[in-house]
Ligand SMILES: [Zn+2]
């Protein structure tokens, strides 16, 4: 179960603006979809690799690098932390008659809007009320927000500004984001009863990002990265390397076994990992 206990106050390491973020005391990873590249849909806990954006200087930092300045109880936070925007644009309002498919696309659009705009774009209607709300909000701690997918290319273009750990986080997010094009194609093909794997044709940008990410991960410590490294080799078509790594995983799991099987079959496309709670009854 995902549970919260108050808020943590974290300073932007660059301009020292204090942000508030929910203090997570337990979480789970249940999600309607999990994929081999770690993409998940509407996960109950999506840490976005810890990559955050400051609401004041708009620069990026890792949450782990943000100095901890204290804790707010839930009661304190209700007075001192900005509330999320209540305004939802009409185009994003969920309709009761929506099918599961339209709901899926609505969740994605809503998440994009939610993560990107709450502090910068007041709603176009009721401007007077909005200003009053903004004034009250400006005296409160802003919420810490994650970097958007659309920001990742810009971060990587200026990678000399950032630490290796931050660039690694951005490259993982960029890898998963760029695979979304294939995911959309795969979904459409699967619905027509077609096998989608041959539609995975990574672009030069994708290949370069995957290769650079592999170099970063292989340099880093930690056995838990083995599955990610193997998955990158598989998506690059280096099946023998992927199989070799996965056969040495000390504690195989459904994810490592699914990726191993795909590598043995010569499939390079990202694939869904089907946990028992997701299988059709
Ligand atoms: Zn800042």
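The values are calculated or read from the model by the stated rules, or taken from the named source; none is laboratory data. Quick caveat, the model's predicted, so the values are computed rather than measured. All Cβ positions, even for glycine, are placed from backbone atoms using ideal geometry, and neighbour counts span all protein chains on display.
Data overview
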quantity	calculated
Qualifying residue in region 16-23 (condition: in a strand (DSSP E or B) and modelled with pLDDT under 85)	no
Only one of 34, 71, 94, 119 that is modelled with pLDDT under 70 and away from the ligand (no atom under 16 Å from the Cβ)	94
Filter result (outside any helix (DSSP H, G or I) and under 21 Å from residue 39 (Cβ atoms)) within region 231-251	236, 237, 238, 249
Residue in region 75-84 that is outside any loop (DSSP other than H, G, I, E, B), at pLDDT below 95 and buried (at least 16 other Cβ atoms within 10 Å of the Cβ) present	yes
Some residue of region 192-205 being surrounded by 13 or more Cβ atoms within 10 Å (Cβ to Cβ) and under 22 Å from the mean Cα position of the chain (by Cα)	yes
Residue in region 210-230 that is outside any helix (DSSP H, G or I) and crowded, with 17+ Cβ neighbours inside 10 Å present	no
Residue in region 267-277 that is closer than 24 Å to residue 32 by Cα, in a helix (DSSP H, G or I) and at pLDDT below 95 present	yes
Residue within region 38-54 that is farther than 21 Å from residue 255 by Cβ, at pLDDT below 90 and over 15 Å from the mean Cα position of the chain (by Cα) present	no
